[in-house]
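The values are calculated or read from the model by the stated rules, or taken from the named source; none is laboratory data. Predicted model only: the values in this text are computed from it and were never measured. We place every Cβ from the backbone using ideal geometry, glycine too, and count neighbours over all the protein chains shown.
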Amino acid sequence: MSKVMLISSKNYIWCQGIKLFISKLQSYSLVADLKFDDQVSERMDSLKPDIVMLDTGLIDLFGIDVLEQFSESPLPLPILLIGDLEQCEKIETLFHYGVKGYISSSCTEEQLLDALNTVNRNKEWIAPEVASRVLGRMSKRNRHQSIHFTQRELEILSLMVNGYNNTEIAEHLHISVYTIQNHISNIYAKIGLNERLKVVHYVIQNRIVNI
């Protein structure tokens, strides 16, 4: 039987629903229902939960740092966030900090059970109402990360971001304008854009070079 620890910022009505639902499950048991304070680490050490269900309100109150207590444990615990996060970018960011699942506080029992089962296998689960948008963003990000730029292309991109035109870039790198134009054409083809301002925005947004 897998042990679940529920940590919330307030005594929400949905907390009572979750506790009641988990009490009916044969494969899960609720070992603690805590408010976030300094005793959380101690309770984790003594109870050794398999899953932590974390209220998203704690992220709003304490920021990303609230996740450190779980990521620094000897065996990092899968975290299932529950609450009302509507900003896809925020949800996506949290998945970089050890979060394995996000479920809305208005979820169905079937969704909650599916989320618990998935996260318990250390796989990712995202609430259906935001899944398509979040996965779309994550897929786009992974595609960007797979683009390989040569060292010369990165040098040119850095200068482009800093406002250099082609002639100035050629002078700075001591190569011909024609060579610069060829490099930029290759960059455009890799990114899939053909306008300088859009390329610069892309480079800044995806932190491809240091600014």
Checked region 146-184 for anything among the small types (G, A, S) and free of Cβ contacts under 8 Å to residues at least 12 places away in the same chain; matches are S146, G163, A170, S176
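In region 194-211, what residues are assigned to a helix (DSSP H, G or I) and either of a type outside the set (K, R) or under 21 Å from the mean Cα position of the chain (by Cα) (or both)?
Kept after step one, since they are assigned to a helix (DSSP H, G or I), are these residues of region 194-211: 196-205.
Listed by number, the residues that qualify are L197, V199, V200, H201, Y202, V203, I204, Q205.
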From Y202, Y102, Y164, residue being out of contact with any Asp or Glu (no Cβ under 6 Å at 6 or more places or on another chain) and at pLDDT 90 or above: Y164
